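A.B. asks: Below you will find the structure I want to go over with you.
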Amino acid sequence: MDIVSIRDLNREQIEQVLERSEKMIPYARGEKSSKALDGKILATLFFEPSTRTRMSFESAMMRLGGRITDLGVPAMSSISKGESLADTIRMVEVYSDIIAIRHPREGSARLAARFSSKPVINAGDGAGQHPTQTLLDLFTIKRIKKDFDKLKVVMVGDLKYGRTVHSLAEALSSFGVELTFVAPSALQMPKETVKQVEKMGCKPKLTNHLNETIADADVLYVTRIQKERFPDLAEYQKVAGMYRVDRKLLREAKSDLIVMHPLPRVDEIDPEVDDTPHAKYFEQAFNGVPVRMALLNLVLGGEL
Ligand code: NCD
């Protein structure tokens, strides 16, 4: 099975991943060990920068006794000789059991899945989707809030180019939450995502005022302005630094509001927030390990 879009998983499958992720926590921390993926190889292909996604995939595989083969820097691979993505994938699939790919072009993971008989996991395709980030975001919310029903989730920042919010909004819309999208109009949630969310029975609010949404929010999901996706740097400069979450803003918030961020952050969350009980983004980043372990285990099989 491929996981290219969060829509490739139904609600039952998502819940199965979240349940198994909970069991993976002591293994993810190194308190227990497992050989569930002994003999299996994960191939990682990162055509865009990554810290958390790549390292947590690697850590997840190794914690379950599996191994990794990595394409390395694309400029040092045969891609620089003009090899197509399709041919690269044809090779990688015979060297591995499962492939994780990140690529700047939307649709690239779907293309890879077409050329691979081994499972392909989308680790981010341009401004498209980032389904494994969504699974760890859902896991983080569920662990802290217990239940999704009626939660008020505010997403703020670059909702146009941010792939994490595209996948997360789609997933959350089927979990009975109330969604608010806060962005400058040039960076609002794409119409297709809004339509998809509405199809699931959710009626998102769209605004550009963060202050007005903070008092009611249960989850504030902050995103980085995706500088690398702007065709024109002058356009980026117009919106850079527009939202900043700091202690002053959080004074208006509920005491149990959680602040999440897929990371990396630039200046959208003041580091002074890190020490408040609201800050959950580092815990969220750790959750990438148990969640990716659960996913790899479900896709590749093997007893813990
Ligand atoms: C995100 C991404 O790559 O989409 N990072 C991540 O995977 N944790 C968010 C971002 O780069 O802003």
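A.B. asks: Per residue, what volume in Å³ does the convex hull of the Cα atoms of the chain enclose?
C.D. replies: Convex hull of Cα atoms, per residue: 129 Å³.
A.B. asks: Just want to confirm a number: the relative contact order over the chain, from Cα pairs under 8 angstrom separated by 6+ residues, in percent.
C.D. replies: 21 percent
A.B. asks: Return a whole-number percent for the relative contact order of region 9-125, with Cα pairs under 8 Å and 6 or more residues apart as the contact set.
C.D. replies: In percent, rounded to a whole number, it is 25.
A.B. asks: Output the peptides 70-80, 292-302 sorted from most to least packed, where packing is the average of other Cβ atoms within 10 Å over each peptide's residues.
C.D. replies: 292-302, 70-80
A.B. asks: Could I ask something else about it? Out of region 262-304, which GluC sites (Glu not before Pro) are coil in DSSP terms and have no more than 15 other C-beta atoms within 10 Å?
C.D. replies: Qualifying residues, ordered by number: GLU303.
A.B. asks: ASN208 label point, 7 Å along Cα→Cβ, cut-off 15 Å on backbone N: hits in region 137-175?
C.D. replies: 157-160
A.B. asks: Can you classify region 1-122 as rounded, prolate or oblate using the Cα gyration tensor, where a ≥ b ≥ c are the square roots of its eigenvalues, rounded means a/c under 1.5, and otherwise it's prolate if a/b beats b/c and oblate if not?
C.D. replies: The shape class here is prolate.
A.B. asks: So for region 185-304, Kirkwood radius off the Cα pairs, Stokes-Einstein at 10 °C and 1.306 mPa s: how many µm² s⁻¹?
C.D. replies: It diffuses with D of about 94 µm²/s by this estimate.
A.B. asks: Continuing with the same structure: Using only the alpha-carbon atoms, how far is helix 52-63 inclined from the longest principal axis of the chain? Give it as 0 to 90 degrees, nearest 10.
C.D. replies: For 52-63 against the chain, the angle is about 50 degrees.
A.B. asks: Taking Cα pairs under 8 Å and at least six residues apart, what relative contact order does region 50-208 come out at, in percent?
C.D. replies: RCO, region 50-208: 14 percent.
A.B. asks: Sticking with this structure for a sec: For every other residue with a beta carbon closer than 14 angstrom to the beta carbon of ARG110, add +1 if it is Lys or Arg and -1 if Asp or Glu, then tell me the sum.
C.D. replies: Overall, the nearby charge balance is +1.
A.B. asks: Answer rounded, prolate or oblate for region 252-304, using the Cα gyration tensor with square roots of eigenvalues a ≥ b ≥ c: rounded when a/c is under 1.5, else prolate when a/b is larger than b/c, else oblate.
C.D. replies: It comes out prolate by the Cα gyration axes.
A.B. asks: Okay, moving on. Where does helix 85-95 land angle-wise versus the long Cα axis of the chain, in degrees 0 to 90, nearest 10?
C.D. replies: Taking the Cα atoms of the chain, the angle to 85-95 is about 60 degrees.
A.B. asks: Dipole magnitude of region 131-285 about its Cα centre, charges +1 at Lys/Arg Cβ and -1 at Asp/Glu Cβ only, in debye to the nearest 20?
C.D. replies: The calculated dipole for region 131-285 is roughly 340 debye.
A.B. asks: Another one. With 26 Å as the limit, write out which pairs from LYS23/LYS146; LYS152/LYS280; LYS195/LYS254; LYS142/LYS205; LYS152/LYS195 have Cα-Cα distances beyond it, or answer none.
C.D. replies: Going by Cα-Cα distance, LYS195/LYS254 fall outside the 26 Å limit.
A.B. asks: When the helices in the chain are scored as -39500 (n - 2.57) per DSSP H run of 4 or longer and the sum is shared across all residues, what 222 nm value do you end up with, to the nearest 500 deg cm²/dmol?
C.D. replies: -12000 deg cm²/dmol
A.B. asks: If you don't mind, there's one more thing I want to ask. Dipole magnitude of the chain about its Cα centre, charges +1 at Lys/Arg Cβ and -1 at Asp/Glu Cβ only, in debye to the nearest 20?
C.D. replies: Magnitude of the dipole: close to 260 debye.
A.B. asks: Still on this structure: Cα axis of helix 131-145 to longest principal axis of the chain: angle in degrees, 0 to 90, nearest 10?
C.D. replies: The angle comes out near 50 degrees.
Taken together, the values in this text are just the output of simple stated rules run on the coordinates, not laboratory data. Everything numeric in this text was worked out from a predicted model, so none of it was measured. Here Cβ is always computed from backbone atoms with ideal geometry, including for glycine, and neighbour counts include all displayed protein chains.
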